[in-house]
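Below is one structure; the comments refer to it alone.
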Protein chains: 2
Amino acid sequence: MRRDSRLSGVLHVLLHMAQQPGPFTSETLAKAMDTNPVVIRRIMAGLRELGYVRSEKGHGGGWRLACDLAKVTLRDVYAALGSPALLAMGNRTESPGCLVEQAVNAALDQAFHDAEALLLSRLGEVTLAMLSEDCRKRLGSRKHQGLRAHGA
Amino acid sequence: MRRDSRLSGVLHVLLHMAQQPGPFTSETLAKAMDTNPVVIRRIMAGLRELGYVRSEKGHGGGWRLACDLAKVTLRDVYAALGSPALLAMGNRTESPGCLVEQAVNAALDQAFHDAEALLLSRLGEVTLAMLSEDCRKRLGSRKHQGLRAHGA
DNA sequence: CTATATGCAACATATGAAGTTACATGAGAC
DNA sequence: GTCTCATGTAACTTCATATGTTGCATATAG
């Protein structure tokens, strides 16, 4: 099953934005992500609605962070994407008439629910500020290259 | 994202088989599952290789359980399907050169891994025998109708 | 007015589960 | 042996959805 990489992608974008000031155009970000500007706008749209980022049109426009990175968790970002399905598996039929299938669903739902809850919980424990700090550590003493690390 | 329902489906089949003796043809099972015989054979193939079920061709042929239901867990069944991806999300790039993306991956991988481990653990706690017992309870005092509950 | 940016709809592409068709193979019934 | 019933399997179609692309409307700085 093809895996949804929007969360991974949007976090990548946000952290790059956290390393440098100034607005970033969708095109700049797209080059860094090796994708298309429209894809960037698409995954950023939800974050804009929740006020995590702002966008401005025209000359000197682009994207800017608009939140306290210490107050936004990965779970918040996930929610901003529209809370897509977390698990690749699901029940064949949600409300089956067959009692046997009801038993199967009950058992699987329990396991599925626990796993989803744990994942959401873990995502809720990590803030963008924590991730950004981790980034700076990894970048270490070398000059902050920001988006230029991608060849952009 | 379309969710993989093979585990749900194959469990449904196995539990129906546990309710009644006798071989079941792929066609009978397919009718109960409202699907195609080939789909049944496909999801059963892995279980046959691991010895959980046996199949016989020709007259009087079909599928039979061939294991101790108390010793096979949902995790075993999942493995028999080829251990398909559990999570609908994943990292954009597995081995990124970008340090920022490495930080993102590290954080997400941790959460993903924990959730997967919990799910597998939960699946490992439930045996087919336990599920089958739950089925019998749900069927209660009414006559065991088995596959006929599906109109088959 | 022009250049540059986002906003967004519409369409194309790719992937993989699910469904379908066709045919080969094997096992009993006769 | 031959017929019928069943699985085994490859190849194809269908469907959903993330991703990629194009085109154009809209807004803003100069």
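Determine if the range B:4-25 includes at least one residue that is hydroxyl-bearing (Ser, Thr, Tyr) and more than 14 Å from chain A (Cβ to nearest Cβ).
Step one: list which residues in the range B:4-25 are hydroxyl-bearing (Ser, Thr, Tyr), which gives B:5, B:8, B:25.
Now drop any that are not more than 14 Å from chain A (Cβ to nearest Cβ), which leaves B:25.
Within the range B:4-25, one or more residues are hydroxyl-bearing (Ser, Thr, Tyr) and more than 14 Å from chain A (Cβ to nearest Cβ).
On the given criteria, is A:Ala85 within 7 Å of another protein chain (Cβ to nearest Cβ) and modelled with pLDDT of 95 or more? Full working, then the answer.
Numbers: within 7 Å of another protein chain (Cβ to nearest Cβ): yes; modelled with pLDDT of 95 or more: no.
It is false that A:Ala85 is within 7 Å of another protein chain (Cβ to nearest Cβ) and modelled with pLDDT of 95 or more.
Test B:Ala45 against the stated conditions and say whether it is near DNA strand D (Cβ under 8 Å from one of its atoms), in a helix (DSSP H, G or I) and either within 15 Å of B:Asp76 (Cα to Cα) or not polar (S, T, N, Q) (or both). Give the steps one after another, and end with the answer.
On the way: near DNA strand D (Cβ under 8 Å from one of its atoms): yes; in a helix (DSSP H, G or I): yes; either within 15 Å of B:Asp76 (Cα to Cα) or not polar (S, T, N, Q) (or both): yes.
Against the criterion (near DNA strand D (Cβ under 8 Å from one of its atoms), in a helix (DSSP H, G or I) and either within 15 Å of B:Asp76 (Cα to Cα) or not polar (S, T, N, Q) (or both)), B:Ala45 qualifies.
Considering only the range A:1-39, state which residues are basic (Lys, Arg) and either part of a helix (DSSP H, G or I) or within 21 Å of A:Lys137 (Cα to Cα) (or both).
Residues of the range A:1-39 basic (Lys, Arg): A:2-3, A:6, A:31.
Of everything in the range A:1-39, those that are basic (Lys, Arg) and either part of a helix (DSSP H, G or I) or within 21 Å of A:Lys137 (Cα to Cα) (or both) turn out to be A:Arg6, A:Lys31.
Conditions first: (1) in contact with a strand residue (DSSP E or B) (Cβ under 7 Å, 6 or more places away or on another chain); (2) at pLDDT 95 or above; (3) not β-branched (Val, Ile, Thr). A:Ala18 passes all but one, so which condition is the exception?
Among (1) in contact with a strand residue (DSSP E or B) (Cβ under 7 Å, 6 or more places away or on another chain); (2) at pLDDT 95 or above; (3) not β-branched (Val, Ile, Thr), A:Ala18 violates only (2).
Of everything in the range B:69-85, what is closer than 13 Å to B:Met130 by Cα and within 14 Å of DNA strand C (Cβ to nearest atom)? Give them in sequence order. Quick ask: steps written out before the conclusion?
First, pick out the residues of the range B:69-85 that are closer than 13 Å to B:Met130 by Cα: B:69-74.
Result: no residue meets the conditions.
Would you please list the contacts, defined by Cβ atoms under 7 Å and residues six or more apart or on different chains, that run from a residue in the range B:40-67 that is among the aliphatic types (A, V, I, L, M) to a residue that is assigned to a loop (DSSP other than H, G, I, E, B) and surrounded by 14 or more Cβ atoms within 10 Å (Cβ to Cβ)?
Partner pairs satisfying both residue conditions: B:Ile43/B:Leu81; B:Ala66/B:Tyr52.
Being aliphatic (A, V, I, L, M) and within 12 Å of DNA strand D (Cβ to nearest atom), is that true of even one residue in the range A:70-85? Spell out how you get there, then give the answer.
Going residue by residue through the range A:70-85, those that are aliphatic (A, V, I, L, M) are A:70, A:72, A:74, A:77, A:79-81, A:85.
If we keep only those that are within 12 Å of DNA strand D (Cβ to nearest atom) as well, we get A:81, A:85.
Yes, some residue in the range A:70-85 is aliphatic (A, V, I, L, M) and within 12 Å of DNA strand D (Cβ to nearest atom).
For the range A:16-42, give me each residue that is more than 10 Å from DNA strand D (Cβ to nearest atom), surrounded by 15 or more Cβ atoms within 10 Å (Cβ to Cβ) and among the charged types (D, E, K, R).
Answer for the range A:16-42, where residues must be more than 10 Å from DNA strand D (Cβ to nearest atom), surrounded by 15 or more Cβ atoms within 10 Å (Cβ to Cβ) and among the charged types (D, E, K, R): just A:Lys31.
The values are calculated or read from the model by the stated rules, or taken from the named source; none is laboratory data. Computed from a predicted model, the values in this text were never measured in an experiment. Please note: Cβ atoms are built from the backbone with ideal geometry, for glycine as well, and neighbour counts cover all protein chains shown.
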